[in-house]
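S.K.: Have a look at this one before I ask anything.
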Amino acid sequence: MSHPDHAPGAPPYPRLFEPLRQSGLRLKNRIAHASISTRLGTPGRLSDGYLAYCRTRARGGAALLVTEPLGLHPGQGAARLATWHDSHVPDLRRLSEAVESHGCRLIGQVQDPGRGRHVPGRGHATLAPSALPDDLSGTMPRAMSTAEVRDWVAMVAERAWRLQRAGFSGIELSACHGHLFHLFLSPRANRREDGYGGDAAGRSRWLVEMVNAVHAACGEHFAVGLKLPGDDGLPDSIPPAEAERLLAALLDGCRPDYLAFAQGAHARTLEMHLPDAAGPRLPYAGLIRSLAQQARGVPVMALGRITDPAEAEALLADPAIALIGLGRPLITDAQWPHKAAAGRAAAIRACVSCNTCWRTIVSDRPIACDNNPALALGVEDEPLPPATTPRHVVVVGAGIAGLEAAWVAAARGHRVSLLGASAEVGGQTRLTATLPALQSLSSIFDHQLLQAQAHGVALHLGRAASADDVLALAPDLVLLATGATPLWPLELPATLQADGLVPDLPTLCTQLAHLHRRQPGTAVVWDLDPVEATYAVVERLAALFERVVLLTPFDAIARDCSLVTRQSVLRRLHHAGVVVHTQVLPRWRDDFEDSAALDIESVYGGPAGRIEAVALLTYATPRRPNDALLAPLRAAGLVVHTLGDCHQPGDTMSATAQGFQAGRTA
């Protein structure tokens, strides 16, 4: 969402920047960094990377920061920052000092993954209220004994006391996303008969005891937050009506210092906890407002695709909502709060709700972001190094890789000329952003263009550059970012390529913008590129054609997408009525012009069916770099570097990351 800078003298977002003095919370504004794992840690210790990450968000103006899940005991693995021994206090204190010194309250998240596992394979030594398998991985946990459940209450209180000694302002008990505490709340997962199961009061008893134990150990000024499921998406688990019953039972037994409501379970509904760009903004606003009305005055934190200060301000208009939880937006721009407070919302580098951050951490890689390439390089907190010798840098290609390189190089003091074949910047990403499911990607090149203009990049748009055009500018350095082109699929006759009757998906995207009426017949997509953009096109075709059939030789679609994105894709295509055939090959018929039919056969041989009334055949395939300018420019004696798809076709994150690094080192 773009909007002009705020009028001088007018207080921007007064509710968002009103202090909060309630319960154990003393906050300078209403912005909280919601917990998210980063994979920036050193086993069991505080790493420089995680310290810098948290310090940067605190310095950016957030009033409260919830850490990634902390290590409660050695059995949780070595990846977490440990809390179970006094020898861990120095690391914990370093973290609290780095955050709290900027007026940001530090809250340690307490949770256990339970039986949940969202990478291939099954978990071992996992815990649950009952011996029932994980919905995604099939992991069979061990049911906790009554004595273990009670021991955990004492353990959590002791860990909270240690965090308090280290300078933390509180803890958050996370009972969401199918984690252990969530499982105890769920009638689907909890079949206990020992007082910690049964009705809502029994299933919430464990959390009640933990809240009260922490308050007893640490006093009323040490905050205890509860993160609860508002709707986990499973009708026999915790739909909204059950969430209301659980909330009432919890508040009958304890008084947390704040509440937060998240969605989804560790099942087919895991995607709900990270709503993506294919859905509406603020998808859970109504649900959160309803639950907040029943919170009995406990401050409630709103969560769920809140990306813009105006959205946050509107949520806070409900007096029952006291806090705004931002996870992904503060990953993208740590200065979000300061920019909003200064009335400079248009300068915020916006989260595009792509969930690349989640994809990297579940792949056990350090957190990264499509629209914040400095994060993965660990240089967020560092100013761009000024150019030691200003040069003339010519960037060929105005997509997101070239545009990122251009503005960063210009910000360092280089003279930069940017050449683009299209009349507008953004390249392939601009085309992708025309699809309803991926419109938020426009925030990437919108921000880059603002930066390029602010730093004096000379834009030469609307004409494909030749080698002579580049040479005429007498550059000291050329950055070639001219993208890539989909390969023609080997499964279709090469003669069709010249006819232009079977377009690739990028070409088709330009044509779809002119279609507004539903088209007769069947659209067929041959899918060899199982990425999110492919299925955004398929979804758009489903809105435009009577029938859509998706063919792939693979054993599943969307296999290059993260789990939460794949769940979103599968759900959307199901509801759109798209017919999917896996492990098949298209077979072109010589009589196609007359029959409008396409045969399909199994990848293992033998017919697999026929598609009738084919009105459109298109394809998604891997891409070949458009590097035709590379050889002649180097032959002319120029220093030329390729980046983005022109270097090696990749995803959005690799394009912005390579562009940033090229501009930073030019």
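S.K.: If you go through the range 643-666 one residue at a time, how many are open to solvent by less than 60 Å² (accessible area, probe 1.4 Å) and free of Cβ contacts under 8 Å to residues at least 40 places away in the same chain?
M.R.: So the answer is 2.
S.K.: Any idea which of Val603, Val640 is at pLDDT 95 or above, of a type in the set (A, V, I, L, M) and either surrounded by 15 or more Cβ atoms within 10 Å (Cβ to Cβ) or within 25 Å of Thr485 (Cα to Cα) (or both)?
M.R.: Result: Val640 is the single residue among Val603, Val640 that is at pLDDT 95 or above, of a type in the set (A, V, I, L, M) and either surrounded by 15 or more Cβ atoms within 10 Å (Cβ to Cβ) or within 25 Å of Thr485 (Cα to Cα) (or both).
S.K.: Right, here's the next one. Can you pull out the residues in the range 149-199 that are among the polar types (S, T, N, Q) and within 27 Å of Arg94 (Cβ to Cβ)?
M.R.: Gln164, Ser169, Ser174
S.K.: Tyr258 passes all but one of (1) touching a helix residue (DSSP H, G or I) at 6+ places or on another chain (Cβ under 8 Å); (2) open to solvent by less than 20 Å² (accessible area, probe 1.4 Å); (3) within 17 Å of Pro229 (Cα to Cα); (4) of a type outside the set (A, V, I, L, M); which number fails?
M.R.: Condition not satisfied by Tyr258: (1).
S.K.: To continue, here is another question. Could you check the range 609-622 and list, in sequence order, the residues that are surrounded by fewer than 19 Cβ atoms within 10 Å (Cβ to Cβ) and either assigned to a strand (DSSP E or B) or polar (S, T, N, Q) (or both)?
M.R.: Gly609, Arg610, Ala615
S.K.: Right, next: Tell me, which helices (runs of 4 or more DSSP H) lie completely within the range 285-343 with 3 or more residues that are closer than 22 Å to Ala376 by Cα and open to solvent by less than 20 Å² (accessible area, probe 1.4 Å)?
M.R.: 328-332
S.K.: Separate question: Determine whether Ala523 is out of contact with any His (no Cβ under 8 Å at 6 or more places or on another chain), open to solvent by less than 40 Å² (accessible area, probe 1.4 Å), over 22 Å from Ala615 (Cβ atoms) and among the hydrophobic types (A, V, I, L, M, F, W, C).
M.R.: No.
S.K.: I need the helices (runs of 4 or more DSSP H) fully contained in the range 428-547, keeping only those with at least 1 residues that are small (Gly, Ala, Ser) and touching a residue at least 12 places away in the same chain (Cβ under 8 Å).
M.R.: 442-454, 467-472, 532-544
S.K.: Can you tell me which residue within the range 563-598, out of those that are part of a loop (DSSP other than H, G, I, E, B) and among the aliphatic types (A, V, I, L, M), is farthest from Arg268 (Cα to Cα)?
M.R.: Top of the filtered list is Ala596.
S.K.: Which of the residues belonging to the range 543-557 are more than 22 Å from the chain's Cα centre (by Cα) and buried (at least 19 other Cβ atoms within 10 Å of the Cβ)?
M.R.: If the condition is that a residue be more than 22 Å from the chain's Cα centre (by Cα) and buried (at least 19 other Cβ atoms within 10 Å of the Cβ), then Phe545, Arg547, Val548, Val549, Leu550, Leu551, Thr552 are the ones that fit.
S.K.: Moving to a separate point now. Considering only residues of the range 79-98 that are assigned to a loop (DSSP other than H, G, I, E, B) and of a type outside the set (Lys, Arg), which is surrounded by the fewest Cβ atoms within 10 Å (Cβ to Cβ)?
M.R.: If we take residues in the range 79-98 being assigned to a loop (DSSP other than H, G, I, E, B) and of a type outside the set (Lys, Arg), then His85 is surrounded by the fewest Cβ atoms within 10 Å (Cβ to Cβ).
S.K.: Being acidic (Asp, Glu) and closer than 22 Å to Leu27 by Cα is the filter here; which residues of the range 61-99 pass it?
M.R.: Passing the criteria: Glu68, Glu97.
S.K.: Can you say whether Ser417 is open to solvent by less than 40 Å² (accessible area, probe 1.4 Å), among the hydroxyl-bearing types (Ser, Thr, Tyr) and either part of a helix (DSSP H, G or I) or modelled with pLDDT of 95 or more (or both), as far as the supplied structure shows?
M.R.: Criteria met by Ser417.
S.K.: So how many residues does the range 173-215 have that are of a type in the set (Gly, Ala, Ser) and more than 34 Å from the chain's Cα centre (by Cα)?
M.R.: Adding up the residues that qualify gives 6.
S.K.: Kindly list the number of the only condition in (1) open to solvent by less than 20 Å² (accessible area, probe 1.4 Å); (2) free of Cβ contacts under 8 Å to residues at least 40 places away in the same chain; (3) of a type in the set (Asp, Glu) that fails for Glu424.
M.R.: Unmet for Glu424, out of (1) open to solvent by less than 20 Å² (accessible area, probe 1.4 Å); (2) free of Cβ contacts under 8 Å to residues at least 40 places away in the same chain; (3) of a type in the set (Asp, Glu): (1).
S.K.: Taking Glu380, is it open to solvent by 10 Å² or more (accessible area, probe 1.4 Å) and either of a type in the set (A, V, I, L, M, F, W, C) or in contact with a helix residue (DSSP H, G or I) (Cβ under 7 Å, 6 or more places away or on another chain) (or both)?
M.R.: It is true that Glu380 is open to solvent by 10 Å² or more (accessible area, probe 1.4 Å) and either of a type in the set (A, V, I, L, M, F, W, C) or in contact with a helix residue (DSSP H, G or I) (Cβ under 7 Å, 6 or more places away or on another chain) (or both).
S.K.: Follow-up. So if I check each of Ser422, Ser440, Ser417, Ser466, which one is touching a Ser or Thr at 6+ places or on another chain (Cβ under 6 Å) and of a type in the set (Ser, Thr, Tyr)?
M.R.: Ser440
S.K.: Condition check: out of contact with any Gly (no Cβ under 7 Å at 6 or more places or on another chain) and open to solvent by less than 60 Å² (accessible area, probe 1.4 Å). Does Met140 satisfy that?
M.R.: Here the answer is no, as Met140 does not meet what is asked.
S.K.: Which members of the range 109-137 meet the condition of being open to solvent by less than 60 Å² (accessible area, probe 1.4 Å) and small (Gly, Ala, Ser)?
M.R.: Passing the criteria: Gly114, Gly116, Gly121, Gly123, Ala128, Ser130, Ala131, Ser137.
S.K.: Right, Asp627: open to solvent by 50 Å² or more (accessible area, probe 1.4 Å) and in contact with a helix residue (DSSP H, G or I) (Cβ under 6 Å, 6 or more places away or on another chain) or not?
M.R.: Criteria met by Asp627.
S.K.: When you scan the range 558-584, how many residues do you find that are over 22 Å from the mean Cα position of the chain (by Cα), touching a residue at least 12 places away in the same chain (Cβ under 8 Å) and more than 20 Å from Gly605 (Cα to Cα)?
M.R.: So the answer is 4.
S.K.: For Leu323, only one of the following conditions fails: (1) farther than 22 Å from Leu438 by Cα; (2) touching a helix residue (DSSP H, G or I) at 6+ places or on another chain (Cβ under 9 Å). What is its number?
M.R.: Answer for Leu323: the failing condition is (2).
S.K.: Yes or no: the range 17-26 includes at least one residue that is open to solvent by 10 Å² or more (accessible area, probe 1.4 Å), in contact with a His (Cβ under 7 Å, 6 or more places away or on another chain) and not in a strand (DSSP E or B).
M.R.: Yes, some residue in the range 17-26 is open to solvent by 10 Å² or more (accessible area, probe 1.4 Å), in contact with a His (Cβ under 7 Å, 6 or more places away or on another chain) and not in a strand (DSSP E or B).
S.K.: Quick check on my filter: what residues within the range 33-50 are open to solvent by 20 Å² or more (accessible area, probe 1.4 Å) and either under 14 Å from Ile367 (Cα atoms) or outside any loop (DSSP other than H, G, I, E, B) (or both)?
M.R.: The answer is Ser35, Ile36, Ser37, Arg39, Leu40, Gly41, Thr42, Arg45, Asp48, Gly49.
S.K.: Of all residues in the range 196-220, count the ones that are open to solvent by 30 Å² or more (accessible area, probe 1.4 Å) and modelled with pLDDT of 95 or more.
M.R.: 9
S.K.: Among the residues that make up the range 344-363, is at least one of them closer than 26 Å to Ser443 by Cα, open to solvent by less than 10 Å² (accessible area, probe 1.4 Å), touching a residue at least 24 places away in the same chain (Cβ under 8 Å) and in contact with a strand residue (DSSP E or B) (Cβ under 6 Å, 6 or more places away or on another chain)?
M.R.: no
The values are calculated or read from the model by the stated rules, or taken from the named source; none is laboratory data. Worth saying up front: this structure is predicted, and the values here are computed from it rather than measured. So basically every Cβ, Gly included, is an ideal-geometry build from the backbone, and we count neighbours across all protein chains shown. Please note that ligands, DNA and RNA were not included when accessible areas were found on the heavy atoms of the full protein model with its side chains. Shrake-Rupley method; radii C 1.70, N 1.55, O 1.52, S 1.80 Å.
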